[in-house]
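These notes are about the structure you will find just below.
Please treat every number below as a calculation from the coordinates, not as lab data. If you're wondering where the values come from, they're calculated on a predicted model, not measured in any experiment. So basically every Cβ, Gly included, is an ideal-geometry build from the backbone, and we count neighbours across all protein chains shown.
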Amino acid sequence: MTATEQATSGTPAPAGHEAGHEEIITGCDAVAQALRLLDVDVLAGYPIRPYDSVMSAVSKMIANGQMDAEFIVAESEHSQFEIGKHASLVGARAFIGSAGVGWMYGMEALVVTASLRLPVIALVGNRALDDPGAFGVEHNDALMVRDTGWLLYWVESAQEALDTTLLAYRVAEDKRVMLPCALSMDGAFLTHSQHIVRVPDEERVSRFVPPYDLGDRRFHPDNPVSIAPQFNEDWVMEARRQSDAAMRRARTVIGEATADFQRLFGREPEDPFVDAYRMEDAEYALIGMGTVGMVGKVAVDRMRAAGKKVGFVRVKWFRPFPRPELRALLRNVKGVGIVDRDYSFGSSSHAGVLYTEVTAALYPEPRRPVVAPFIAGLGGREVSVENMLEMEDSVERVTAAGELDPTCQWIGVRGPATDPRYEQGENPRTAEGGAR
Amino acid sequence: MSVGAVDITYRGIFQKNLAGVITKELVKAARHEDKIGGTVQRYGDSPERNGIPAKQFSVIADDADSLRVEMTKYEPSNVVVVAVMDDTLTKGVESWAWYGVRPINLNLAPGGTLLVISRRSAEELLELIPRREYAWNLAILPGEPSFGGLWVYNDDGTDYRTMGAVSRVAGDLVSLDSLLAQAASGQDGELRAEQLREGHDSVRAYPVDAGVGAEDTYEPVEMPGWTQMREGLVIPAVPVGETNPLFKKYTTRTARPLVKFDACVKCQICYTVCPDECFIPTPEGHWDIRYESCCGCGICAQSCPVTGCIEMVDEAVFDSNEPLHGVYENNREEYEELRQDKLAKAGGPIPHYGIF
């Protein structure tokens, strides 16, 4: 049983967990619990839903004397992220976070945190980008940093949120990596929903994550250094190549850290990069990220019960992208459906970001499956089991038809799949007498 | 039963912690029966705003797949209990502007129980609660709405009394024994046990047949498809002097301003301070109130310079949102009788109501 399954099924904890205790907590609370266990030194925050309930949880723990940390509420996300960056630079274990356009507003501070190779951990409570103002989940916010040297992870359950916060600090602070990591959590569906969670004890956590040590990069009077000078064309490319090397090494470190985690916390071994559900002998597969995994697995159970050979793959680490795992899993699959809870207007197939990444990952395979793109669940719209069945059905259809470049389908959007008048620039609403 | 849910409908922000405790503890108690569960929050407007109707759900299941499905929905299905923390909410909830004012029992499962904390009788409440096409139960837990602080929790026992009542009306979902076992494992176990038993024993349930109750006027708001919407996120503005026909705001209200027009000095202050443009001028210079748009903030009553002219009165004693100046114009004595009647039913005006 995977950590995820345990979190949503509530089965008794494995032996290694005996020292921990069970709580019913939200995804945000679970991250806050991990921050307490990790004895994080500096937390910076600026409120925006749905990420901000982690701020409430942390301030409560500090007020109750359960946690000893500097908690700075800044005047904006930009300042908040700068505070995290500078704290990390002087040797403090730091935490930041945001959601939607708040994450965007601090973008400059986010990219410099990555280029300065500072292992700040962020929580992104995934939220639709404004406008329109909406609280619901879309993955575009966190994805905006996908090319900048941030490690990215999407969790499915509150248990995974707690576990991955521990894992994120361990990986990010590893000398071979030293990159920031953003943990993404579906707004509302996970940030504000409570799950059954096993909270481990501090002693075990401190064995898993050693103290933060920036070494000779630490900004301190005893270690006189100047950081982030103007570089220009003679130096930039070399610095980028170093970040590239760090991101490549992250794969090894994630593998080691996950194995260690499973051993220390008594979890069943599972793939560090992807959550592959009933993929053995699968002829068709659906792929998604975040809480869509919950319905994905139920849909697979139903289809398997009906005799269909279908599996679900949840991408956990998005950066580094799990190309080897996906190639191995999808090599013998006939058709694949990608469930993007994001959009990339004007991209290949006018589909989402995950589709673009998965198809690129599969390109070197001599025999590639048909890959069908879907966009679903934008702005917090529900993705139901029925939606998943509908997508799988569509995958089978385009595979049977041998379509190599299936049209991207919007699942759950109100209105027709397409409208020829609309495509020609006419607004059917106007044509039918409505105001433009 | 493989999965069932309890809906706690409450008012933000002063009941948010209350709803949080109930939903969490119900799941913890169900763990004593080897069940699994989780909780879901649901709101459109912010539950950090005063009066906003909002919901929290406990989802309790026997198996992982059932739970997973419910945890990814806006609102879980098979709601076997809707527990209402404030009886003025029985008039309907509208924290989801784009759905209109929805009946309090809209998603109640057939045969389920609407549990209301109230001092009113079943007959009085059924004048407010819409009928359903199936039979259901109305349960009343005697009590006043419990309000805590923004961060401070009002530990008055309402949480455990409500849980005790839930175990009485939905013992299959979570039993009193499990609640007692869970309470015994925490602080103040004996006090909690007493409150659980009190809630369990004092709740009164009344079967309600299909078709019994107030008229159900709810019509879901029609939402256009993507080719039928204006581009660029443009929507029509509400014309000056009119109000949004789809977003009423009145379900946020626990009390409404009632005007003694005879005392009015026509100063216009109420009109000036009202954040929702509820005050409509009458030809003689009074200000009538468009109750459909009134959120019950009380700033008009607070700002009115004449003592006893605008008073805030318990919302539950009113059954209509029609403006009242017409009654006054028709017959001043009749209006004064109506006003006195409402005040008497409500036990007088609510003192010190407004923004401080």
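Beyond 25 Å, how much of the Cα-Cα pair distribution for the range A:165-280 remains, as a whole percent? If you can, show how the numbers build up before the last one.
On the way: 2777 of 6670 pairs.
I get 42 percent for the Cα pairs in the range A:165-280 exceeding 25 Å.
Compared with the dominant principal axis of the Cα atoms in chain A, helix A:27-37 is inclined by about 20°.
Return a whole-number percent for the relative contact order of chain B, with Cα pairs under 8 Å and 6 or more residues apart as the contact set. Please report the intermediate quantities before stating the final value.
Numbers: 725 pairs, mean separation 53.3, N = 356.
It comes to 15 percent, rounded to a whole number.
If you fit an axis through the alpha-carbon atoms of helix A:236-264 and take the longest principal axis of the Cα set of chain A, what angle between them do you get, 0 to 90°, nearest 10? Tilt relative to chain A: about 90 degrees.
Within the range A:62-129, which GluC sites (Glu not before Pro) sit in a loop by DSSP and count at most 13 neighbouring Cβ atoms inside 10 Å? Could you put the intermediate results ahead of the total?
On the way: sites: A:GLU70, A:GLU75, A:GLU77, A:GLU82, A:GLU108; in loops: A:GLU75.
Filter output for the range A:62-129: A:GLU75.
Provide the percentage of antiparallel DSSP beta bridges, counting only those with both residues in the protein assembly as shown; round to the nearest 5.
Working: 44 of 99 bridges.
Among the beta bridges of the protein assembly as shown, antiparallel pairing accounts for roughly 45 percent.
Pairs of Cα atoms in chain B fall into 10 Å distance bins, from 0 up to the last occupied one, in shares of 5, 23, 30, 23, 13, 5, 1 percent. Ordered by the count of other Cβ atoms within 10 Å of each Cβ, fewest first, A:HIS139, A:HIS350 give A:HIS350, A:HIS139. Fewest neighbouring Cβ atoms within 10 Å first, the residues A:GLU160, A:GLU382 line up as A:GLU382, A:GLU160.
Could you tell me what fraction of 2.2 N^0.38 Å the Cα radius of gyration of the range B:62-123 comes to, as a two-decimal ratio? List each step's numbers first, then the result.
Values: Rg = 13.8 Å, N = 62, 2.2 N^0.38 = 10.6 Å.
For the range B:62-123, the normalised Cα radius of gyration comes out at 1.31.
Which value, to two decimals, describes the C-alpha radius of gyration of the protein assembly as shown once divided by 2.2 N^0.38 Å? Walk me through the intermediate numbers first.
Details: Rg = 28.4 Å, N = 792, 2.2 N^0.38 = 27.8 Å.
That ratio works out to 1.02.
Please get the size of the charge dipole for the range A:274-420, origin at its Cα centre, with Cβ charges of +1 on Lys and Arg and -1 on Asp and Glu, quoted in debye to the nearest 20.
On the way: 19 positive and 19 negative charges, 80 e Å.
So the magnitude is around 380 debye.
Annotation for the range B:267-356: GluC sites (Glu not before Pro) lying in DSSP loop with at most 15 further Cβ atoms inside 10 Å of their Cβ are B:GLU277, B:GLU284.
Calculated FRET efficiency, A:ASP68 and B:LEU246, Cβ-Cβ r, R0 41 Å, to nearest 0.05?
On the way: r = 50 Å, r/R0 = 1.22.
Calculated transfer efficiency: 0.25.
Within the range A:363-436, all pairs of alpha-carbon atoms sorted by distance into 10 Å bins from zero give the percentages 16, 34, 30, 16, 3, 1.
Which value in Å does the Kirkwood hydrodynamic radius of the range A:241-356 take, with 1/r averaged over all unlike C-alpha pairs and then inverted?
Hydrodynamic radius (Kirkwood, Cα pairs) of the range A:241-356 is 15.6 Å.
Largest first, the three principal axis extents of the alpha carbons in the range B:1-103 are 37, 24, 20 Å in whole numbers. Shown here for the range B:187-226: GluC sites (Glu not before Pro) in loop regions (DSSP other than H, G, I, E, B) with at most 10 other Cβ atoms within 10 Å, namely B:GLU215, B:GLU222. Panel values: the range A:307-382, Kirkwood radius from alpha carbon pairs, Stokes-Einstein at 4 °C and 1.567 mPa s, translational diffusion coefficient 98 µm²/s. Every helix of 4 or more DSSP H residues in chain B counts as -39500 (n - 2.57), and over all residues that averages to -7500 deg cm²/dmol at 222 nm.
Once both axes come from the Cα atoms, what is the angle between helix A:292-305 and the longest principal axis of chain A, in degrees from 0 to 90, rounded to 10? That helix lies at roughly 50 degrees to the long axis. On a per residue basis, the convex hull of the C-alpha atoms belonging to the range A:179-244 measures out at 202 Å³.
Please order A:MET247, A:MET391 by the number of other Cβ within 10 Å, starting at the fewest. Intermediate results must be reported in sequence, preceding the final value.
On the way: A:MET247 18, A:MET391 23.
Ordered by Cβ neighbours within 10 Å, fewest first: A:MET247, A:MET391.
Please work out the FRET efficiency for the pair B:MET223 and A:ARG304, using the Cβ-Cβ distance as r and a Förster radius of 41 Å; give the result to the nearest 0.05. Spell out each step's value before the answer.
Details: r = 35 Å, r/R0 = 0.85.
For R0 = 41 Å, the calculated efficiency reads 0.70.
Dividing the convex hull volume of the alpha carbon atoms of the range B:3-208 by its residue count gives 108 Å³ per residue.
Along the Cα-to-C-beta direction of A:ARG217, a point sits 7 Å from the Cα; which residues of the range A:107-131 have their amide N less than 15 Å from that point? From the range A:107-131, the list is A:111-121.
Let me have the 222 nm mean residue ellipticity of chain A computed from DSSP H runs of 4+ only, each contributing -39500 (n - 2.57), with the sum over all residues rounded to the nearest 500. Walk me through the numbers before you get to the answer.
Details: 16 runs with 168 residues, N = 436.
Estimated from H runs of four or more residues: -11500 deg cm²/dmol.
Each listed q (0.08, 0.10 Å⁻¹) maps to a log10 I(q)/I(0) for the range A:274-420, found by the Debye formula over equal Cα scatterers with no solvent: -0.18, -0.29. Rounded to the nearest 20 debye, the dipole size of the protein assembly as shown about its Cα centre is 1660 debye, using +1 on the Cβ of Lys and Arg and -1 on the Cβ of Asp and Glu. Shape class of the range A:78-216 from the alpha-carbon gyration tensor: oblate, with a/c at 1.5 or above and b/c at least as large as a/b. Taking one quarter of the surface of the C-alpha convex hull of the range B:50-171 gives a mean projected area of 8.7 nm². Straight-line reach only, C-alpha to C-alpha below 16 angstrom: list the lysines that B:LYS24 could link to, leaving out same-chain residues fewer than 8 apart. Answer for B:LYS24, where 16 Å is the Cα cut-off: B:LYS16, B:LYS35, B:LYS55, listed by chain and number.
Considering the range B:157-282 at the alpha-carbon level, its Rg and Dmax are found to be 24.7, 62 Å. Principal axis extents of the C-alpha atoms in the range B:250-345 (largest first, rounded to whole Å): 31, 29, 22. When both the range A:340-386 and the range A:69-84 are represented by their alpha-carbon centers, they are found 35 Å apart.
Once R0 is set to 60 Å, what does the formula 1/(1 + (r/R0)^6) return for the Cβ-Cβ distance between A:GLU238 and B:TRP98, expressed as a FRET efficiency to the nearest 0.05? Provide the component values of the computation, followed by the final result.
On the way: r = 53 Å, r/R0 = 0.88.
About 0.70, to the nearest 0.05.
With N counted as the residues of the range A:3-264, its alpha-carbon radius of gyration over 2.2 N^0.38 Å works out to 0.97. Look at where the Cα atoms of the range B:148-210 and of the range A:225-239 average out, and the two centres are 64 Å apart.
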